[in-house]
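Input: a single structure, listed below in structure tokens.
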Amino acid sequence: MKTQKQREKDIYAMRKRRKRRRVLRQGIIFLLMAVAVLVLYQRRDSWIPTLETIGHRHQTYRSEEADAADGDLPIYLYSGSEPQLATISNRLLVLSDSYLQIYDTDGHLLTSRQHTYGSAVMRTAGEYALVYESGGMQFRVETAAKTRFEKLLSDPIVFGRISPGGLIALVTSSDTCACKLLVFNLKGQLIYERDCIEELTDLSFHSDESGCYASSIYTENGRLYSLVHSYSFTEYEDLWTSKPLDMMAISVYNTSGGDVFVLGDSQCCFLAAGGALKSTFVYPDTLRSGVFSGNTAALLLENTEKRTRTVVVINGNASTPVLRSYDKEIRSIGLVPEQNAVLIQFRNHFEAITSAGETMRSLSVADSYQGFLKIEDYLFLRSYDHIDRIDYQK
């Protein structure tokens, strides 16, 4: 028979075991809760918009007529980084650091697709979107309906472009040459590979997508120059190469007239289809941004000493550029090709001007936005935490 002292020891040991089990159980519960919170936080771009959609749907029952005009707008942004906006098939694409979300023009969330790219970049053309990891080795091709394919490369991606017909051109780094140019079709098959001795900075597809124009840079006697090359996806010799251009080429475009437009850091120019220089415009002030479509370029220049901004409109068919100066902040510029117009975003309003520099219209906005995207007759306005929509035609 156990003595009183032994019984006390047994009771003490049993209490210690119960306490250890209780502490262990509480620790496991806390760990599971922490994991659940972490998972919810990482996937916030997916489930928070769903909650917002539910809230908007609830409002629809209370005020159906009022909500019908604006749909599920504004669209709230929960990503830690600045999202990228683009459009395919008249859909709004929002790329965050974790998700690609696709909305219709009424702000209804159609689909949300997760990605794991560390520095995701999105490029669009026609009905296709290319999403790739800058400095990484993965890329994927998206449509509004589905992900077409995803691939893993053996070299880091420097930049990528996609054509309206769905060709994908990727420039990667290489240990054996300056860079590599890889071209894939819509099935994800590699159809062209080129070891480049030049460092490519940008490319655009030929209008028939049989090849591309590519810009490269080099230095000579301490100065930076650029070349434009025309490649065929069935040959390995250049179709043609331009003479050296006294600039650092930033972007290259094919024009609706069959020429090439080159946007540089200090000047821009038009090249003929064979690479001959047609016209040049040297910037009087510092370039802040530039856009191009069809045969028209719009540039935003800034003079920090005079505190002035200048919008330059250059048409490939016109003899001289059109310049309009402003003494107030300009947030962004864009082109409206169907109206041959340039859209200028100020702090609290938009101004549309013709390619001749004449004012077409002015649109007031109630908030301060950081950028915009035009889809059909709407302007989608991006703030730091949401996206609004206004009717461009009103």
Within segment 232-242, does at least one residue satisfy the condition of being surrounded by 14 or more Cβ atoms within 10 Å (Cβ to Cβ) and either under 25 Å from Met360 (Cα atoms) or touching a residue at least 40 places away in the same chain (Cβ under 8 Å) (or both)?
yes
Just checking, which of Ser174, Ser230 is assigned to a strand (DSSP E or B) and not acidic (Asp, Glu)?
Ser230
Among the residues of segment 339-347, is any in contact (Cβ under 8 Å) with a residue 24 or more places away in the chain, surrounded by fewer than 19 Cβ atoms within 10 Å (Cβ to Cβ) and either among the hydroxyl-bearing types (Ser, Thr, Tyr) or part of a strand (DSSP E or B) (or both)?
no
Hey, does segment 197-208 have a residue that's surrounded by fewer than 17 Cβ atoms within 10 Å (Cβ to Cβ) and touching a residue at least 24 places away in the same chain (Cβ under 8 Å)?
yes
Is at least one residue of segment 252-260 farther than 19 Å from Arg161 by Cβ and charged (D, E, K, R)?
no
Pick from segment 84-132 the residues that are free of Cβ contacts under 8 Å to residues at least 40 places away in the same chain and among the polar types (S, T, N, Q): which of them is farthest from Lys146 (Cα to Cα)?
Ser119
Run Tyr384 past the list (1) surrounded by 11 or more Cβ atoms within 10 Å (Cβ to Cβ); (2) of a type outside the set (Asp, Glu); (3) out of contact with any Phe, Trp or Tyr (no Cβ under 8 Å at 6 or more places or on another chain); (4) closer than 27 Å to Ser96 by Cβ and report the number of the one that doesn't hold.
(1)
Give the residue that is surrounded by the fewest Cβ atoms within 10 Å (Cβ to Cβ), with candidates limited to residues of segment 70-89 that are among the charged types (D, E, K, R) and either modelled with pLDDT of 90 or more or in a loop (DSSP other than H, G, I, E, B) (or both).
Glu82
Of all residues in segment 159-196, which are buried (at least 19 other Cβ atoms within 10 Å of the Cβ) and among the hydrophobic types (A, V, I, L, M, F, W, C)?
Ile162, Leu167, Ile168, Ala169, Leu170, Val171, Cys179, Leu181, Leu182, Val183, Phe184
The residue that is farthest from Gly274 (Cα to Cα), considering only those in segment 213-240 that are of a type in the set (Ser, Thr, Tyr) and over 29 Å from the mean Cα position of the chain (by Cα), is Thr219
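The values are calculated or read from the model by the stated rules, or taken from the named source; none is laboratory data. All of these numbers come straight from a predicted model, not from anything done at the bench. Glycine gets a Cβ as well: all are built from the backbone with ideal geometry, and neighbour counts include every protein chain shown.
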